[in-house]
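Chemist: Handing you this structure, nothing more for now.
The values are calculated or read from the model by the stated rules, or taken from the named source; none is laboratory data. This is a predicted model, so every value here is computed, not measured. No Cβ is skipped: glycine too gets one built from the backbone with ideal geometry, and neighbour counts run over all protein chains shown. Surface accessibility is based on the protein's heavy atoms, side chains included, excluding ligands, DNA and RNA. Shrake-Rupley method; radii C 1.70, N 1.55, O 1.52, S 1.80 Å.
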Amino acid sequence: MRAAQLVAPRKWEIVEVEKPEATDDLMLVRLERVGICGTDKPAFCGISPSYLLSPGSTGHEGLGIVEACPSGAFREGDRVLLWGFDRGLFQEYVLADPRGCIKLPENFEPEVVLMSQLLGTVIHCFHKLGNVINQKTVVVGQGPVGQLFNATLRNLGAKYIVGVDPLAHRLEAAQRMGATHTVNPAERDAVEAVSDITGGQMADLVVEAVGRQETFNLCGRLTRRNGTLVYFGVPNKENHEGIMTLRFKEMFSKELRIVTSVGPNPEIDYTIALDWITQGRLDVRPMLTHVRPFGEIQEAFELAFDHPERERAVKIVLKF
């Protein structure tokens with residue numbers, strides 16, 4: 001079977017590997033769609049302890065068709081959202097633990113219901129935040145995660161949802177995904193803009209959805225005294241260890257509540273996300289900009305991380 005292998009920074013190759021076989025505990029799944037995620041960026045861009053990476057790594061957002069499930073938890077032909085798999089998902093087949101996988105409907109576009117995985121990770125964070133009704137909020141970073149924070153905040157009743165990003169096409173998508181205001185920090189000082197929008201009060205809740213030192217520090221300046229700063233961006237965009245230099249005294253002096261979040265509870269969070277999508281409460285289509293063949297993984301990664309503005313890319317999905 002085919003698998004993609006990152007053999008060096010910014011260099012994918014398609015290789016042949018042995019197709020796995022189902023076991024008593026793990027079912028065989030044929031991949032249909034795999035999303036390219038911001039957490040795939042560091043390894044692609046050279047922030048990895050070593051290369052070659054194992055075939056299929058670093059893919060982790062996927063869905064597919066069950067081909068064999070000895071435990072009987074799923075039937076052959078079921079479409080499932082994957083969790084608890086045995087290898088990276090940038091390949092045609094994987095073994096997956098039925099526990100934690102979610103059955104998906106067949107009457108929706110696969111790439112649409114695939115977003116239940118990423119939306120589930122966002123919803124997982126909100127269990128820690130409590131009521132957001134009427135809050136003034138800011139989301140720094142308008143990649144796919146930032147867009148889903150916009151939509152979730154809109155669903156849950158935030159008053160202001162300010163999307164911050166230097167790419168104009170992402171700010172346009174943000175307006176369709178729930179943002180009430182947008183700010184391009186390349187054109188206007190973000191602190192000044194948020195102050196104007198909030199009448200000088202600054203934000204009750206600020207979300208860092210990038211994973212960089214600069215944006216983490218910016219979020220501290222955008223948050224009001226006793227406000228909440230959510231650090232969601234995986235902190236490995238600049239070095240593998242995630243080491244940052246923070247203006248922590250400013251955050252400390254403002255008595256900010258800093259919340260971190262990573263990794264969902266699949267049976268709870270993925271299910272809620274799937275309900276929101278299939279019931280029409282949240283439309284992910286404005287952020288789904290590209291579906292590319294799996295064989296074009298090299299070009300798809302370059303589009304996602306080197307020049308997204310050329311084709312107005314936000315979320316890119318690979319199709320098998």
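Chemist: Counting only protein heavy atoms, what percent of the accessible surface of the range 1-135 is carbon or sulfur at a 1.4 Å probe?
Modeler: Numbers: 2670 of 5610 Å².
In the range 1-135, the share of accessible area belonging to carbon and sulfur is 48 percent.
Chemist: Please give the helix 213-222 orientation as an angle from the longest Cα principal axis of the chain, in degrees from 0 to 90, rounded to the nearest 10.
Modeler: The helix 213-222 is inclined about 40 degrees to the chain.
Chemist: 222 nm [θ] for the chain, helices only, -39500 (n - 2.57) per DSSP H run of 4+, per residue, to 500? Don't jump to the answer; show the numbers that get you there.
Modeler: Values: 9 runs with 84 residues, N = 320.
Result for the chain, helices only: -7500 deg cm²/dmol.
Chemist: Using 1/(1 + (r/R0)^6) with R0 = 30 angstrom and r between the beta carbons of Gln175 and Arg221, what's the FRET efficiency to the nearest 0.05?
Modeler: Numbers: r = 24 Å, r/R0 = 0.79.
Step by step, r from the Cβ atoms, then E = 0.80.
Chemist: Still on this structure, I have one more. Would you mind computing Rg(Cα) / (2.2 N^0.38 Å) for the range 116-223, counting N as its residues? Mind dumping the intermediate values first?
Modeler: Numbers: Rg = 12.5 Å, N = 108, 2.2 N^0.38 = 13.0 Å.
Compared with the compact-globule rule of thumb, the range 116-223 sits at 0.96.
Chemist: Mean shadow of the range 32-123, computed from the convex hull of its alpha carbons, in nm²? Please report the intermediate quantities before stating the final value.
Modeler: Values: hull surface 26.2 nm².
Projected area, direction-averaged: 6.6 nm².
Chemist: Taking just the C-alpha trace of the chain, give me its Rg and Dmax in Å.
Modeler: When restricted to the Cα atoms of the chain, Rg and Dmax are 19.8, 61 Å.
Chemist: Keeping every protein chain present and rolling a 1.4 Å probe, give me the accessible area per residue for the range 1-59 in Å². Don't skip to the end; give the middle numbers.
Modeler: Working: 2690 Å² over 59 residues.
Per residue, the range 1-59 has 46 Å² of solvent-accessible surface.
Chemist: Which trypsin sites (Lys or Arg not before Pro) does the range 74-121 hold that lie in a coil by DSSP with at most 13 other beta carbons within 10 Å?
Modeler: Details: sites: Arg75, Arg79, Arg87, Arg99, Lys103; in loops: Arg75, Arg87, Arg99.
Here the sparse-neighbourhood loop sites are Arg75, Arg99.
Chemist: Can I ask one more? Relative to the longest principal Cα axis of the chain, at what angle does helix 110-126 sit, 0 to 90 degrees, rounded to 10?
Modeler: It works out to around 50 degrees.
Chemist: Roughly what percent of Cα-Cα pairs across the range 133-182 reach past 18 Å?
Modeler: Working: 165 of 1225 pairs.
Tail fraction, whole percent: 13.
Chemist: For the range 165-219, what are Rg and Dmax over the alpha carbons, in angstrom?
Modeler: Calculated on Cα positions, Rg and Dmax stand at 11.3, 28 Å.
Chemist: Among Cys69, Thr137, Ala168, whose Cα projects farthest towards the positive end of the dipole of the chain, with charges put on the beta-carbon of Lys, Arg (+1) and Asp, Glu (-1)?
Modeler: Thr137
Chemist: Hey, can you rank 238-247, 26-35 by average C-beta count inside 10 Å, highest first?
Modeler: Details: 238-247: 12.2, 26-35: 22.9.
For the peptides 238-247, 26-35, the packing ranking is 26-35, 238-247.
Chemist: Starting from the alpha-carbon convex hull of the range 172-269, give the projected area averaged over all orientations, in nm². Walk me through the numbers on the way to the answer.
Modeler: On the way: hull surface 31.6 nm².
Value for the range 172-269: 7.9 nm².
Chemist: What is the distance, in nm, between label points placed 7 Å from the Cα along the Cα-to-Cβ direction at Arg285 and at Asp25?
Modeler: Calculated label separation equals 4.2 nm.
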